[in-house]
Amino acid sequence: MIGNLNHIAIAVPNLELAINQYQNVFGAFTSTPRDLTDHGVRIAMVKLPNTTIELITPLGENSPIQGFLDKHPQGGLHHLCYEVTDLAKAKDTLSVSKIQVIGDGEPKLGFHGNPVLFFNPKDCLGVLIELEEISVPKVQSRVEIDRIGPAHTFPQFSTDTMEGVEGIGIGINVDFKKPTPEDNKETE
Ligand code: CO
């Protein structure tokens, strides 16, 4: 059901320091901060070749991330955002598995102008999950996988499969030649 990882959001107490770290220490391209008054956050995007990191800090009195920063004063991983092609259907699928939507269940427009919903971290392995409806999903191609070159980083990996990950305690075998696993195709 879920497609690409759209972004990872990190809540930070000081956005300028966070931008400085990603830009000047990690050496990543980081956008100019923007105020999202509707969402009660100020945000900067770190563009990586395969995904985006959002650095978010509270804006205004009732920011939804203030409570999170009260619990994690140094900042922390706030949420993961996965792309789906049909948000209403995804919500129904998750509700069957008792994964609770946050709020009234009505999608809001996210930063990219697409409808989004959030799901309770208590039901999602302790991580707040955002689903974003993407009309035309980008497919991670074989070419990109090759360019990233897992073989350089992990010599035991073949470029076609993830054989070798048993070393980290997971035995799976994914064929990257197929854009998505056969059982993971969206049905109309
Ligand atoms: Co997000």
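Both radii are taken from the alpha-carbon atoms of the range 5-133; with Rh as the Kirkwood radius, Rg/Rh is 0.97.
Checking the Cα-Cα distances for Lys71/Lys108; Lys98/Lys122; Lys91/Lys122 against a 20 Å cut-off, the pairs over it are Lys71/Lys108.
How many percent of DSSP beta bridges within the range 5-133 run antiparallel, rounded to 5? Kindly include the intermediate steps, with their values, before the conclusion.
Working: 25 of 36 bridges.
Percentage antiparallel, nearest 5: 70.
Of the GluC sites (Glu not before Pro) found in the range 18-105, those that fall in a DSSP loop while having at most 15 other beta-carbon atoms within 10 Å are Glu61.
Laboratory data are not the source of any read-out in this text; all were calculated from the coordinates shown. All values derive from a computational prediction rather than experimental measurement. Methodologically, a virtual Cβ is constructed for each residue, glycine included, from the backbone with ideal geometry; neighbour enumeration extends over all protein chains shown.
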